[in-house]
Amino acid sequence: MATKQSHRLARWMMAPSVFVLLIWMIVPLALTIWFAFQRYRLTNPNIKGFAGFANFEFFVTDPAFWPAIINTLLIVVGVLVITVGLGILLALMLDQPIWGQGIVRILMISPFFVMPPVAAVVWKHELMNPTWGVFAAVSRFFGQEPVNWLGNYPLLSIIVIVAWQWLPFATLILLTAMQSLSEEQKEAAEMDGANVFRRFWYIILPHLARAITVVILIQTIYLLGVYAEIQITTGGGPGFASTNLPFLIYNTGVLGGNIGAGAAGGLVAVVLANIVAIFLMRAVGRNLDA
């Protein structure tokens, strides 16, 4: 009897926070669904009424829609490849006993605490600027013409900027997982004649499988919503070269004043995010049960 009362009391104590959480999620989603089926333009408030699926048709037939979908996926895949690949390499390096190891680790994770708009401004004006940027100075030092990275390679530049921000996160997770690997296993493999590459491929990498899965799942959720870096550096251009789905929604709903179409785009983004999440969970989620 006491157990049932304890469970009932626990449910009542959790109820306020659960209620607030539901309101926090359901109200924005409900309003988005409502506006997605309404004619609502900021430039002409007199246009009102039920729009049916016209807002969805308007959004998906936008010339920037498919380039935005492709760019969104390219950003996700590109950043994951860089952060997971370099994250494993850096974790291997930081796992070795070196002088000043604590300071090096702090410096490694520091980019993760830089706000995206600040990081975008630094990369745009201090590093990638073709006139006075660091990369331009290095190019001139070697007798080469400076590259206009944001103008000629906008999507690649966005991927590099975002990867720089998320690399510390991947490195930290992978380093933590690597430090849980038993030294006896590596020493036994070494005594059996396994070289460095075999020890990495057959011992370290399988041990990191779950950590890699966590990095991929968490980063993908956030990478689908990259916006500030694009807004500050390239503005989605040139043309649609660096426009992703969140930036297209912003252009449609805020700059274009078409709230209905912007809300419809938001629902399209939710559907895309769920498709990607289901695919990832089926592809790599089994590692979590290993």
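Of the helices (runs of 4 or more DSSP H) lying entirely inside the stretch 140-202, those carrying at least 1 residues that are farther than 26 Å from Met115 by Cα and over 16 Å from the mean Cα position of the chain (by Cα) are 154-179, 183-191, 196-199. Search the stretch 102-114 for residues being surrounded by 12 or more Cβ atoms within 10 Å (Cβ to Cβ) and of a type outside the set (Lys, Arg), and hand back the single one that is farthest from Leu155 (Cα to Cα). Selected residue: Val104. Looking across the stretch 226-252, the residues that are of a type in the set (Val, Ile, Thr), part of a helix (DSSP H, G or I) and at pLDDT 90 or above come down to Ile230, Ile232, Thr233, Ile249. Checking the structure you have, find out if any residue of the stretch 115-136 is of a type in the set (Val, Ile, Thr), touching a residue at least 24 places away in the same chain (Cβ under 8 Å), over 30 Å from Ile204 (Cα atoms) and surrounded by 12 or more Cβ atoms within 10 Å (Cβ to Cβ). Scanning the stretch 115-136, I find at least one residue that is of a type in the set (Val, Ile, Thr), touching a residue at least 24 places away in the same chain (Cβ under 8 Å), over 30 Å from Ile204 (Cα atoms) and surrounded by 12 or more Cβ atoms within 10 Å (Cβ to Cβ), so the answer is yes.
Go through the residues of the stretch 43-60 one by one and say whether even a single one is outside any helix (DSSP H, G or I), among the acidic types (Asp, Glu) and over 30 Å from Ser180 (Cα atoms). No, every residue in the stretch 43-60 fails to be outside any helix (DSSP H, G or I), among the acidic types (Asp, Glu) and over 30 Å from Ser180 (Cα atoms). For the stretch 32-45, check the following and say yes or no: at least one residue is closer than 30 Å to Ile212 by Cα, surrounded by 10 or more Cβ atoms within 10 Å (Cβ to Cβ) and hydrophobic (A, V, I, L, M, F, W, C). Looking for residues that are closer than 30 Å to Ile212 by Cα, surrounded by 10 or more Cβ atoms within 10 Å (Cβ to Cβ) and hydrophobic (A, V, I, L, M, F, W, C), one finds none in the stretch 32-45, hence no. Here the condition is being farther than 17 Å from Val76 by Cα and under 22 Å from the mean Cα position of the chain (by Cα); of Gly236, Gly266, Gly260, Gly225, it holds for Gly266 alone. If you check Pro67, Pro63 for being at negative phi and part of a helix (DSSP H, G or I), only one passes: Pro67.
Please verify whether the stretch 78-95 includes one or more residues that are closer than 19 Å to Leu248 by Cβ, within 25 Å of the chain's Cα centre (by Cα) and not in a helix (DSSP H, G or I). The answer is no; no qualifying residue exists.
Counting the residues of the stretch 253-290 that are exposed (fewer than 12 other Cβ atoms within 10 Å of the Cβ), modelled with pLDDT of 85 or more and either in contact with a strand residue (DSSP E or B) (Cβ under 6 Å, 6 or more places away or on another chain) or not aliphatic (A, V, I, L, M) (or both) gives 0. Which of (1) closer than 26 Å to Gly256 by Cα; (2) out of contact with any Leu (no Cβ under 7 Å at 6 or more places or on another chain); (3) surrounded by 10 or more Cβ atoms within 10 Å (Cβ to Cβ) is the odd one out, the single condition Ile69 does not satisfy? Only one criterion is unmet by Ile69, namely (2). Within the stretch 165-222, the only residue that satisfies the criterion of being charged (D, E, K, R) and touching a residue at least 40 places away in the same chain (Cβ under 8 Å) is Arg210. A search for C-beta distances below 8 Å between a residue of the stretch 76-101 that is of a type in the set (Val, Ile, Thr) and any residue that is outside any helix (DSSP H, G or I), counting only pairs 6+ apart in sequence or on different chains, returns Val76/Leu224; Ile88/Leu208. The single condition among (1) of a type outside the set (S, T, N, Q); (2) part of a loop (DSSP other than H, G, I, E, B); (3) at pLDDT below 80 that Pro130 does not satisfy is (3).
The values are calculated or read from the model by the stated rules, or taken from the named source; none is laboratory data. Since we're looking at a predicted model, the values are computed, not measured. With ideal geometry, Cβ positions are generated from the backbone for all residues, glycine too; neighbour counts draw on all protein chains shown.
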